[in-house]
1. Which of the peptides 21-32, 67-78, 49-60 is most tightly packed, and how do the rest follow, going by the mean number of other Cβ atoms within 10 Å of each residue?
2. What ranking do Ser90, Ser64 get, fewest neighbouring Cβ atoms within 10 angstrom at the top?
3. What list of ³J(HN,Hα) couplings, whole Hz, do you get for segment 64-75 from phi and the Karplus terms 6.51, -1.76, 1.60, once you set θ to phi - 60° and write x for glycine and proline?
4. Please quote Rg/Rh for segment 1-87 to two decimal places, taking the Kirkwood radius as Rh and restricting both calculations to Cα atoms.
5. Mind listing the phi-derived Karplus ³J(HN,Hα) values for segment 18-26, rounded to whole Hz, using 6.51, -1.76 and 1.60 with θ = phi - 60°, and x for any glycine or proline?
Amino acid sequence: MAGAYGFIEITGVVAALDVLDIMCKAANVTLATWERKLGGRLVTLVVEGEVEAVRTAVETATNSPNIRKPVAFGVIANPHEEIRKIVAISASRFKGKGEYGSGSKMLGQDPPDFNIRQQMETNS
């Protein structure tokens, strides 16, 4: 169970991968999930780890001169169960059916019939 989640939303998949690389090198965090919207033009990365590691990772990445300015970012220490559910739903899509090579859909992309409320009720 993660002590904290760190979120960075940035434009572009390449920029997002740069941000993820910076975060993972800066502190002991792991990628929990990612979401791509608008055809990958907007990417939200979610990392998890201990609170101080997540803070360090997000601060280092957002202050890096080597990346474009993030659209939004934040750290949630000791996330509420509802936040954990949302991250778990995203992670199940990221790590489950849409894995690389399956051909069914791209990673982090919602299927056309995806309903967050229904998924939360199913997973509770």
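Throughout, read-outs are computed from the coordinates displayed, never taken from laboratory work. Not measured: the values here are computed from a predicted model. Every residue, glycine among them, receives a Cβ derived from its backbone with ideal geometry; neighbour counts consider all protein chains shown.
1. 49-60, 21-32, 67-78
2. Ser64, Ser90
3. Karplus-based 3J(HN,Hα) across segment 64-75 equals 6, x, 8, 10, 6, 5, x, 5, 7, 7, x, 10 Hz.
4. 0.95
5. Running phi through 6.51 cos²θ - 1.76 cosθ + 1.60 with θ = phi - 60° gives 4, 4, 4, 4, 4, 4, 5, 7, 7 Hz.
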